[in-house]
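Scroll down for the structure; my scribbles are underneath it.
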Amino acid sequence: MRRWGLLVLLVLLPALAFASPTAEKPSGAEKVLRVAIDDFAGEYLNPIEGSATSRHILRHMYDNVFDVLKSWEIAPDGLSWILRMRDDVIFHDGTKATAKDLKFSFEQVVAPSSALGGEFKKMLGDQVKAELVDDSTLRLYTKGPQPFLRAMCWSESVYLVPKDYIEKNGIESFRQHPIGTGPFMFVQKVAGDYMEFKAVPAKHWKVNPGFDRLFVYLVPEEGTRIAMLQTGKVDQIGLGMESALELEKKGLTIAQGNLVEGSLYFMHPSHPLAQSSPLHDIRVRQALSLAVNRKEIIDTVFQGRGEWELLTPPENAWYSDAIVAMGPDRVKYWQDWAKQNWRYDPEEARRLIKEAGYGDGFDLEWWSAPDQSASWAQDIAPIVAGYWEKVGARVKIINVDTATWKSRRHSTKSKDLIGKVGGADCFIVGEYAIGPIPGLNRWTTKDGSWDLLVGSPQQAAYDKLWADGMSSMDAARTGQIMDQILGIMLPSWTVVPIIAAPEFLAFGPRIKSPPYAKLPYKQPCDLYAYWQYSGVEK
Amino acid sequence: MTRAWQGIVALIVLATLVFVLARIIGNPVDMMLGPSASLQDAKELTHKLGLDQPYYVQYGQFMWGLLRGDVGASIKFREPVTRLFFQFFPNTLKLALVTFTIGIMLGFALGMLSATSKGGALDRCARVLSVIGMSAPAFWIGLMLMLVFAVYLRLLPPARMEGPASYVLPALTWSFYLLAGTARLVRSSMLSVMDTEFVKLARIKGVSESVVVWKHSLRNALAPVITFAGVQLAFLLHGSVVVESIFAWPGVGRLIYQGIVGRDYPLVQGCLLIVGCMIIIISILVDVLYCLLDPRIRLTGGVQ
């Protein structure tokens with residue numbers, strides 16, 4: 001009897017499994033786009049609590065605080081901004097967005113719950129000082145002249161959030177049912193599985209969404225994403241270079257996104273603890289750059305789809321403006337400098353290494369980490385190491401995860417990376433193809449998130465230049481400062497740009513005409529922006 | 001009662017281990033902060049999360065929370081860990097039950113066929129299959145099954161939890177190891193029982209072969225198999241990072257993995273502790289079942 005009982009139990013167990021199937025069922029009349037991505041990053045859709053959640057998702061639900069303005073101006077003394085809101089910005093609950101919401105959004109940025117970074121506290125102070133001029137106008141006071149507030153809000157994704165809604169319902173409710181002013185509104189989210197959005201019912205001031213509903217599935221494995229695309233379970237996936245080229249041969253539509261630039265870092269080479277490292281010698285660092293055939297990497301690994309000569313600054317960062325302010329002559333000077341110095345010259349590399357006293361070869365440790373912006377970041381490490389080995393370096397690559405890499409980048413947090421190679425860190429290349437400044441930003445100042453120049457006599461001057469540059473109201477002066485910054489960082493050979501290569505998207509057969517597929521690759525496109533515009537065939 | 005006390009001690013040890021191991025993997029602060037965050041930001045967030053306190057203080061708070069049934073809130077998801085766990089756990093449980101059933105039933109059938117045709121072609125095939133099942137990596141099996149049954153034949157969905165058909169591929173992938181292990185154990189256990197004097201006597205007395213196999217041999221060969229199955233069921237309950245990742249299955253294994261990647265201490269600690277509790281409870285239940293199946297065994301004294 002007991003035996004039969006056991007048997008029945010065994011048969012019933014799987015039946016229980018199907019008792020509550022989960023499945024979201026879009027209505028058949030709607031235009032639906034189903035996208036599979038590899039990581040949601042943070043799983044909360046509350047932008048004020050952190051920037052971890054994928055911007056690809058947040059940007060569709062929310063509008064940037066500067067996006068919703070019809071005009072803005074900075075006072076001549078640089079100590080305040082007048083921000084005038086558009087009249088047609090509506091939250092997803094139907095309420096009109098006003099200057100009160102704008103003020104509230106800035107307040108959240110510097111609130112203790114915010115993880116957006118202390119740069120805003122430097123700009124706005126610990127408490128936001130602002131006055132409501134009228135319903136749609138805000139005067140925002142800053143801590144000292146802050147001409148780059150707008151650029152910072154862009155680069156750090158500061159979004160407009162609803163004051164009344166959050167204050168009335170509480171932050172926990174906002175986490176569960178977030179609302180923004182973007183073209184898509186939140187429907188539901190199943191943690192670790194998928195998120196669902198639908199287009200706003202009324203015409204959005206910015207775009208007219210090309211489809212009614214959007215599902216974003218979390219599918220970490222690339223092979224699985226490809227299988228889902230091939231079987232019509234999703235319409236669009238992100239994928240690596242190799243798979244993209246293979247699928248292209250099979251007739252699937254492939255689109256290329258923004259160029260993403262990858263740089264390597266010689267970590268804290270001037271730190272006292274790095275004195276025994278070959279990287280302490282600037283000639284070795286320069287030689288390692290000369291040893292890499294960047295063009296060959298682009299031509300072979302990326303089949304010509306990338307850049308190596310003119311690496312460009314990250315999108316929307318304030319120093320894009322600063323580089324423009326340098327003027328065309330100085331920009332050209334640094335572009336020529338880059339062409340000359342980032343060339344492939346293994347003979348010169350060997351000579352420099354010999355001159356530095358490492359003619360018999362030397363050991364290098366490279367902590368290689370993945371980067372969310374570029375799936376190829378870790379793949380190029382063995383290729384670059386191969387070039388280095390030809391000039392005498394014996395490279396040991398240690399693959400680490402992002403958290404390990406980030407937690408050791410600053411010399412005061414960990415000594416593990418001092419005198420070693422780190423990265424690659426990748427940045428989306430901006431639309432201004434004007435100058436070479438890979439990984440060059442204020443994060444490398446002493447109190448930034450990694451202090452590359454620590455121990456160098458130039459660290460203090462470098463930090464001061466960034467501080468001055470951020471508060472300079474004079475464009476000409478800003479340009480000079482940027483010129484000086486480049487003059488310190490680039491010849492220090494602390495940061496070595498390698499390549500800029502694209503990320504890829506593949507589209508399923510349901511999408512008849514992906515909007516960016518026909519664009520030439522050099523024209524950068526935002527991988528996910530077309531969600532808002534594309535016409536998806538049912 | 002003794003088992004219950006042992007379980008409590010095991011839980012305290014587990015909680016301590018989990019606390020220590022979670023901190024060895026690193027710090028969540030760097031993952032939470034934006035790229036422009038300064039050292040000061042990192043310090044402030046570390047303070048806010050209470051991670052700047054001495055380890056013994058953190059440990060004390062953690063254990064006090066456990067006593068109150070509070071394992072904390074996830075940093076990555078911004079939700080209580082218990083709520084998250086029990087949101088993901090049903091998905092793992094459903095898949096685990098299907099996997100368990102497939103693995104045990106097929107394993108049993110294979111093991112019995114193998115034992116009753118010892119040395120024959122069937123036995124050899126079953127043994128080869130068992131070796132493959134024990135040694136082939138799950139990610140390879142999973143991708144191959146997906147390629148054949150989803151991409152080429154279009155018979156089954158490739159991934160995600162979308163109705164009954166979506167269980168087949170992940171459950172098959174996950175059950176391979178269980179199937180192989182069960183088959184090997186049933187075979188060896190059956191063979192040893194079939195070689196005993198009482199089975200020989202039954203045959204001499206003219207008892208039919210099916211009765212010899214089903215009633216006398218299988219019943220007596222069950223005990224080690226049940227122990228194995230119990231341990232495997234407990235093992236299945238904490239999910240499979242590999243299977244859940246390959247098939248985009250929102251289960252506990254993937255949740256724990258996400259916690260580890262994001263250095264989400266509370267998430268890792270909470271999930272491991274809850275899973276640990278479950279495993280301890282299942283172990284106790286298996287002991288009880290073992291005792292019921294074989295009355296000679298007493299929980300405290302072993303075989304009398």
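The values are calculated or read from the model by the stated rules, or taken from the named source; none is laboratory data. If you're wondering where the values come from, they're calculated on a predicted model, not measured in any experiment. Here the Cβ is made from the backbone with ideal geometry for all residues, glycine too, and neighbour counts use every protein chain on show.
Taking (1) over 24 Å from A:Val65 (Cβ atoms); (2) in contact with a Pro (Cβ under 7 Å, 6 or more places away or on another chain); (3) hydrophobic (A, V, I, L, M, F, W, C); (4) modelled with pLDDT of 90 or more in turn, A:Phe186 satisfies each apart from (1).
Is it true that B:Leu84 is modelled with pLDDT of 80 or more, touching a Gly at 6+ places or on another chain (Cβ under 9 Å) and not charged (D, E, K, R)? Explain how you work it out, then say what you get.
Working: modelled with pLDDT of 80 or more: yes; touching a Gly at 6+ places or on another chain (Cβ under 9 Å): yes; not charged (D, E, K, R): yes.
Against the criterion (modelled with pLDDT of 80 or more, touching a Gly at 6+ places or on another chain (Cβ under 9 Å) and not charged (D, E, K, R)), B:Leu84 qualifies.
Candidates are the residues of region A:34-51 that are buried (at least 22 other Cβ atoms within 10 Å of the Cβ) and under 16 Å from the mean Cα position of the chain (by Cα); the one that is modelled with the lowest pLDDT is A:Ser51.
Filtering A:Ile397, A:Ile383 for residues that are modelled with pLDDT of 90 or more, surrounded by fewer than 19 Cβ atoms within 10 Å (Cβ to Cβ) and over 22 Å from A:Leu452 (Cβ atoms) leaves a single hit, A:Ile383.
On the basis of being at the interface with chain A (Cβ under 9 Å from one of its Cβ atoms), within 30 Å of B:Val193 (Cα to Cα), surrounded by 17 or more Cβ atoms within 10 Å (Cβ to Cβ) and touching a residue at least 24 places away in the same chain (Cβ under 8 Å), does B:Phe100 make the cut? Spelling it out, B:Phe100 is indeed at the interface with chain A (Cβ under 9 Å from one of its Cβ atoms), within 30 Å of B:Val193 (Cα to Cα), surrounded by 17 or more Cβ atoms within 10 Å (Cβ to Cβ) and touching a residue at least 24 places away in the same chain (Cβ under 8 Å). With respect to the conditions (1) in a helix (DSSP H, G or I); (2) in contact with a strand residue (DSSP E or B) (Cβ under 7 Å, 6 or more places away or on another chain), A:Met195 falls short on a single one, namely (1).
For B:Gly133, the conditions (1) in a helix (DSSP H, G or I); (2) at pLDDT 90 or above are fulfilled apart from (2). Taking the criterion of being closer than 27 Å to A:Ile282 by Cβ and without any contact (Cβ under 8 Å) to a residue 24 or more places away in the chain, the residues of region A:460-479 that qualify are A:Ala460, A:Asp463, A:Lys464, A:Leu465, A:Ala467, A:Asp468.
Report, by residue number, each residue of region B:59-91 that is more than 14 Å from chain A (Cβ to nearest Cβ), hydrophobic (A, V, I, L, M, F, W, C) and more than 24 Å from the chain's Cα centre (by Cα).
Step one: filter region B:59-91 for residues more than 14 Å from chain A (Cβ to nearest Cβ), giving B:59-72.
Those still in the list that are hydrophobic (A, V, I, L, M, F, W, C) too: B:62-64, B:66-67, B:71.
Within region B:59-91, B:Phe62, B:Met63, B:Trp64, B:Leu67 qualify.
Could you list, in sequence order, the residues of region B:48-58 that are closer than 27 Å to A:Pro47 by Cβ and more than 10 Å from every other protein chain (Cβ to nearest Cβ)? If you could, list the steps in order and put the result at the bottom.
Within region B:48-58, the subset closer than 27 Å to A:Pro47 by Cβ is B:48-52.
Residues satisfying the conditions are B:Leu49, B:Gly50, B:Leu51, B:Asp52.
Kindly check whether there is at least one residue in region B:245-268 that is without any contact (Cβ under 8 Å) to a residue 60 or more places away in the chain, within 14 Å of chain A (Cβ to nearest Cβ), part of a helix (DSSP H, G or I) and of a type in the set (Val, Ile, Thr). Yes. Each residue in region A:179-207 was checked for being over 23 Å from A:Val219 (Cβ atoms), buried (at least 20 other Cβ atoms within 10 Å of the Cβ) and of a type outside the set (A, V, I, L, M), and 4 of them qualify.
Going through (1) touching a residue at least 60 places away in the same chain (Cβ under 8 Å); (2) away from chain A (no Cβ under 12 Å); (3) assigned to a helix (DSSP H, G or I) one by one, B:Val128 falls short only on (1).
Checking the structure you have, find out if any residue of region A:167-174 is free of Cβ contacts under 8 Å to residues at least 12 places away in the same chain, among the polar types (S, T, N, Q) and more than 14 Å from chain B (Cβ to nearest Cβ). So far as region A:167-174 goes, yes, one or more of its residues are free of Cβ contacts under 8 Å to residues at least 12 places away in the same chain, among the polar types (S, T, N, Q) and more than 14 Å from chain B (Cβ to nearest Cβ).
Yes or no, residue by residue, for (1) modelled with pLDDT of 85 or more; (2) crowded, with 18+ Cβ neighbours inside 10 Å:
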site: A:Leu124; (1), (2): yes, yes
site: A:Gln127; (1), (2): yes, no
site: A:Ala130; (1), (2): yes, yes
site: A:Leu140; (1), (2): yes, yes
site: A:Pro147; (1), (2): no, yes
site: A:Cys153; (1), (2): no, yes
site: A:Ser157; (1), (2): no, yes
site: A:Val161; (1), (2): yes, yes
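What about A:Ile90, is it at pLDDT 70 or above, surrounded by fewer than 20 Cβ atoms within 10 Å (Cβ to Cβ) and more than 14 Å from chain B (Cβ to nearest Cβ)? Yes; evaluated as a whole, the condition is true for this residue. Here A:Pro497 clears all of (1) surrounded by 22 or more Cβ atoms within 10 Å (Cβ to Cβ); (2) under 30 Å from A:Ser80 (Cβ atoms); (3) modelled with pLDDT under 85 except the condition numbered (2). Every listed requirement among (1) under 24 Å from B:Asn91 (Cβ atoms); (2) among the small types (Gly, Ala, Ser); (3) surrounded by fewer than 18 Cβ atoms within 10 Å (Cβ to Cβ) is met by A:Gly210 save one, (1). Within region A:250-292, work out how many residues are of a type outside the set (Gly, Ala, Ser), at pLDDT 85 or above, farther than 17 Å from A:Pro497 by Cα and not in a loop (DSSP other than H, G, I, E, B). Qualifying residue count for the region: 4. The single condition among (1) on the phi > 0 side of the Ramachandran plot; (2) part of a helix (DSSP H, G or I) that A:Gly357 does not meet is (2).
When the criteria are applied in full, A:Glu296 fails the requirement of being surrounded by fewer than 20 Cβ atoms within 10 Å (Cβ to Cβ) and within 23 Å of the chain's Cα centre (by Cα). Looking only at residues of region B:6-58 that are in a loop (DSSP other than H, G, I, E, B), crowded, with 17+ Cβ neighbours inside 10 Å and without any contact (Cβ under 8 Å) to a residue 24 or more places away in the chain, we find that the one that is nearest to the chain's Cα centre (by Cα) is B:Leu33.
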